[in-house]
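Novice: Supplied in structure tokens, the structure appears directly below.
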Amino acid sequence: MNGLTTCLIVFSLCLMTQHPLLSQTRSDDKVFYHTVERGQTVYSIALMYDVSEEDVYRLNPSSRQYVKAGEKLKIPQKEVAALSEERKDETYVYHTIQPGETLYGVSKRYKIPAEEISDANPGLTFQSFVAGRIIRIPVVKIQSEPTTVTQTVIKKVEYTIRKKETLYGICKQFNITSDQLLRYNPELKSGLKAGMLIVIPVETEESVTIAPEQNEFDLNAVMAARNEIRKTNVAAIAILLPFQVNNSQSGRFLEYYEGFLLAVDSMRSSGMSVELSVHDIGDTNQQLRTTLENEALKRSNLLIGGVTNEQIELIGAFALKNNIKYVVPSYSKCDRLTSSNASIFQVNTPYQYLFSYATARACMLFSDYNIILLNTNDKDEKTLFVNTFKADMRERKIAFRELSFHAASFPDDLAALLVTTKPNVIVPVSSSIEALRKIRTPLRRLADSNPAYRLTLFGYPEWQMYTDFLEDFFVLNTHIYTSFYTNNLSKEAQGFNAKYNYWYKKNMAPTYPKYAMLGFDTGMFFISAINKYGANFEGNIQHLNYSSIQTGFRFERVNNWGGFINTNLYIVRFNRDYTITRME
């Protein structure tokens, strides 16, 4: 093997090691590591990275049973070489931030300007650029080779002054100015002498190799620009809902709009100008597409609406393209879109997040209780909730017991598990009204006959619809978790009911949640956000305090490039003194 061949092999190996795409042939670059956050499932994680659930299971076999917050999962990296040129425009490789790593360092590794990385991750801040978090790198922006360009350069040419030459003559000969000549030869200010050696600056063109830009990047400046309060005199809002479809849902959408109008009236009374446009998008995608061709929509600060996955995708794409914030008011199953669209605010909390936050809160509330999971063998079993609750309790080393319901022996079976040394909490595994009917009388008798048991009942959002059980809830110190709750006896709820009746000459429909209140709370929250922080309010939304009538808001971005989900959770407690406490 000759020397030239050896050099070529060494050079090729260096390229394989240094270039991020070529180096994917190494085993440690074929995967990256995702740290599971509370509420995430294998399904939502797979959506986030555009891989299949089977891809995740293959690399993490134990994830088929359960994944827990804090667990690290291997995720397969995209095989970039196999992608078509069209696919590369919408494809990313994912990078797990390492301890001590900087954005500048990541930009050097992938040979891509740091600004491009920041643009691909709208949620990137100093708080989110931490070890273990993921950022995405746009494949189409990665520069694998330096760029060669032609540019003008100045070369220094030595010249010996001849007899009788003048400064003017030399400048004319080389087409330069006297200032240029004197700048390179300051000694000429004392005069010219034959035989002097001087430097002539000569412009010439040559090819120059320029490496990808690797300047230090001021992430703080970008964050400040993103979060800068941009006041606006008018909040331009568009509502896009199917008002005239022939199904039971249309009345709810109308009621939502009526509640939103009450919010607009309240904000206008406080001095905020609101420009509201309302669009009936029907039940066909074509009607929605026609609506989105309206040029006036592009001037909106906020879009609200969409009730099907297809509608939400169309509105979401429009919002992202035109840099408009988009609120999905009631649909809870748009995980795929929310995980990749930075414009979206999903009001209705996805079930997996709701269950996960609820079980975490239950572990805090009942860690010192005697916890009994009760299986009544009824419909509406909350399997995901119960499994998450069990896993959380085991993780925190909280003891619990399980009991199956048998009508004839239930009072004795339960009494055998109850203790008097600490409070007891009963958690049915079904949310059905049939389950409550089976257990309420025996529980009331046990509570009345032996107060030392200090019985508590813990249950589900659906229970607030079961008004016939209200007295039982008070007696049993019942706690429920929920995203929506309003105490109809509170002065805020009564004031809203009176105003709604006055405006519309009717009562709200007896639904859960009440759509007029949902529209009102949503309007008050987001119009306040625009009023206080301008159209780009997302960087400050966590600072906005709003005391809701029914729906609370606590938005969290799902990743560095996706949208926001509402993770607010209420624990509603029916106290034994017949008062109600709503805890956030």
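The values are calculated or read from the model by the stated rules, or taken from the named source; none is laboratory data. Just so you know, these numbers come straight off a predicted model, no measurement behind them. In this analysis, Cβ positions are derived from the backbone assuming ideal geometry, glycine residues included, and neighbour counts consider all displayed protein chains. Heads up: the accessible areas ignore ligands, DNA and RNA and are worked out on the full protein's heavy atoms, side chains in. Shrake-Rupley method; radii C 1.70, N 1.55, O 1.52, S 1.80 Å.
Novice: In the chain, carbon and sulfur make up what percent of the accessible area (probe 1.4 Å)?
Specialist: About 50 percent, which is the carbon plus sulfur part of the accessible surface.
Novice: Give me the number: length gained by fully extending L384 to N322, i.e. 0.36 nm times residue separation minus the C-alpha to C-alpha distance, one decimal in nm.
Specialist: 18.5 nm
Novice: Separate question: Using alpha-carbon pairs under 8 Å, 6+ residues apart, how would you state the relative contact order of the chain in percent?
Specialist: Worked out over the chain, it gives 14 percent.
Novice: Moving on. On full extension of the chain, what length is gained from K532 through K74, given 0.36 nm per residue of separation minus the C-alpha to C-alpha distance?
Specialist: Length gained between K532 and K74: 160.7 nm.
Novice: Taking 35 Å as R0, compute the FRET efficiency from the Cβ-Cβ separation of E313 and S62 and round it to 0.05.
Specialist: 0.55
Novice: Another question, if that's okay. At a probe size of 1.4 Å, how large is the accessible area of Y43, to the nearest 10 Å²?
Specialist: Taking all protein chains as shown, Y43 has close to 110 Å².
Novice: How far apart, in nanometres, would the label points at V157 and Q249 be if each is projected 7 angstrom from Cα along the Cα-to-Cβ direction?
Specialist: With each label placed 7 Å out from Cα toward Cβ, I get 7.8 nm.
Novice: From Cα pairs below 8 angstrom and at least 6 apart in sequence, can you work out the relative contact order of segment 295-448, rounded to a whole percent?
Specialist: 20
Novice: Against the longest principal axis of the chain, how steep is helix 250-269, in degrees 0 to 90 to the nearest 10, with axes from Cα atoms?
Specialist: 70
Novice: With the crude spin-label approximation of a point 7 Å out along Cα→Cβ, what separation in nm comes out for L167 versus E187?
Specialist: Those two pseudo-labels are separated by 1.6 nm.
Novice: For the chain, just say rounded, prolate or oblate: build the C-alpha gyration tensor, square-root its eigenvalues into a ≥ b ≥ c, call rounded for a/c under 1.5, and beyond that prolate if a/b exceeds b/c, oblate if not.
Specialist: Note, shape of the chain comes out prolate.
Novice: Rounded, prolate or oblate: which fits segment 344-385, taking a ≥ b ≥ c as square roots of the Cα gyration tensor eigenvalues, rounded meaning a/c under 1.5, else prolate when a/b beats b/c?
Specialist: Cα axes put segment 344-385 in the oblate bin.
Novice: To continue, here is another question. Full-extension gain between R401 and E295, please, as 0.36 nm times their residue separation minus the C-alpha to C-alpha distance.
Specialist: Stretched fully, the R401-E295 segment lengthens by 32.1 nm.
Novice: Measure up K164/K189; K72/K390; K325/K506 against 24 Å on the Cα-Cα distance and list the ones that go over.
Specialist: Violating the 24 Å Cα-Cα cut-off are K325/K506.
Novice: Can you give the accessible area per residue of the chain, in Å², using a 1.4 Å probe?
Specialist: 50
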